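The values are calculated or read from the model by the stated rules, or taken from the named source; none is laboratory data. Here the structure is a predicted model, which means the values were calculated and not measured. We place every Cβ from the backbone using ideal geometry, glycine too, and count neighbours over all the protein chains shown.
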Amino acid sequence: MKHERAPALLALLSLGYAACARLALAPLRRLSPDEAFYLCAARRGWPIVDHPPLLGSLLTIADRLPFGLEVRVRLVAVLLQAGTALLIGLLAATIDSEGATGRDRRFAFGVFFATWGLMPWVSGLIATPDAPLLAATAGALVFAGRRDAGARLGLLLCLALAVSAKATGLVVGLAIAFDLRRTDRVGAAIALLGAALPLPLVWPSLVAQLGHVLGVGALISAPRIGPLPALGALLGGILLLFGPATCWCAARGRRSLALLPGATPLVVVLGVATMLSALVSGRAPEPNWIAPAFVPLFAIAAAEADLGEEHHRRGWLVAHVAPALLGIALWSSHARLHPDPLGRVPRLDQEPDGALQLPRYGAPAWSCLYDRDCQNIDVMLSTYNLTLKARSQQISDR
């Protein structure tokens, strides 16, 4: 019995090591421009409409803790990523496909895939709205497969939190409701209700994010490179950030998607939407747009890895962790690289390069947090909603 549970225990141990490593790495680099902007907004009541308020509420709580600035902010991402990985492990354990061995092994692979890839590593260190979105998405998918009263309440709460984190949470709720509409009408209704409850908080950001996807509006930062190069950049980013092992195992185990309520429509909708965004806008979509789809994909990749030969599994695990180790090395490095993939998150003991291509809120947010000069960011936040709402209205009128 102890031998059978060893993989799960090792997975939990690796998850704890990863969380400690992230906390140790957190104070090495200053907050990213986005993290700095989110914290400034949280301190002023989250007066921005491009994202719902959940992350702002979490940052407000974390900001009161007796740690350094970077650790306070990034603790939110560390804890949420650990929770996401555990939930993905539980989701993987429910996949009982033909030839599967034990739940503990599938749980272990799920936790590992969701912890040690490059995208999980980044989302577990940099605090963005994707961190609570992914945790809530994983919880919703776990509860969607059950019908007891506790699971119903959990599904309702998780979907409300997902939508309160990011407008993409609506896709999660609709995907689950669509999949449950024939087999579990009560579950489908609860999914719709959970997604609808925070809708008043999300509506302005939904319009703004739609413009972002189409390549118009106030949120655009990616350069236009053309439809096919944009699609290639998207696919390359997915392969690198989510890991070749995850992509390969998920493709092989794609039939298992049908075993997870909501998984198939979630993957299809987000996959098609991001590819269409690349083709329509000619700009490379951010790979985190498709991140909720990788919650079930990590789970089915774990189930497929459980079926593989031992030498294949070792190769998959090495391929999965290698990009994350490279990212950790770059994060820890004192060297200035040209071009530096981490240039927008400079080391705390180095002055930011004046030539950095920062979003317009980056330097004012840094000045407020690190130099206590908040005049520019206050002016920006006081006019930000009006500017974004005006441009969002232009989008909705088209």
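The figures follow:
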{"item": "When residues of the range 112-133 are limited to those that are crowded, with 24+ Cβ neighbours inside 10 Å, closer than 18 Å to Cys247 by Cα and of a type in the set (A, V, I, L, M), the one farthest from the chain's Cα centre (by Cα)", "result": "Ala114"}
{"item": "Enumeration of residues in the range 3-40 that are of a type outside the set (A, V, I, L, M, F, W, C) and touching a Ser or Thr at 6+ places or on another chain (Cβ under 8 Å)", "result": "Ser14, Asp34, Glu35, Tyr38"}
{"item": "Hits in the range 58-83 - residues which are β-branched (Val, Ile, Thr), over 13 Å from Leu125 (Cα atoms) and touching a residue at least 12 places away in the same chain (Cβ under 8 Å)", "result": "Thr60"}
{"item": "Flag if Leu330 is assigned to a helix (DSSP H, G or I), within 28 Å of Ala114 (Cβ to Cβ) and free of Cβ contacts under 8 Å to residues at least 24 places away in the same chain", "result": "yes"}
{"item": "Total residues in the range 32-57, condition buried (at least 16 other Cβ atoms within 10 Å of the Cβ) and assigned to a helix (DSSP H, G or I)", "result": "14"}
{"item": "The range 77-99, subset surrounded by fewer than 23 Cβ atoms within 10 Å (Cβ to Cβ) and in a helix (DSSP H, G or I), residue farthest from the chain's Cα centre (by Cα)", "result": "Leu90"}
{"item": "Unique match (being touching a strand residue (DSSP E or B) at 6+ places or on another chain (Cβ under 8 Å) and either under 16 Å from Trp116 (Cβ atoms) or crowded, with 17+ Cβ neighbours inside 10 Å (or both)) among Arg74, Arg22, Arg29", "result": "Arg29"}
{"item": "Criterion violated by Thr60 - all others in (1) modelled with pLDDT of 95 or more; (2) over 16 Å from Ala131 (Cβ atoms) satisfied", "result": "(2)"}
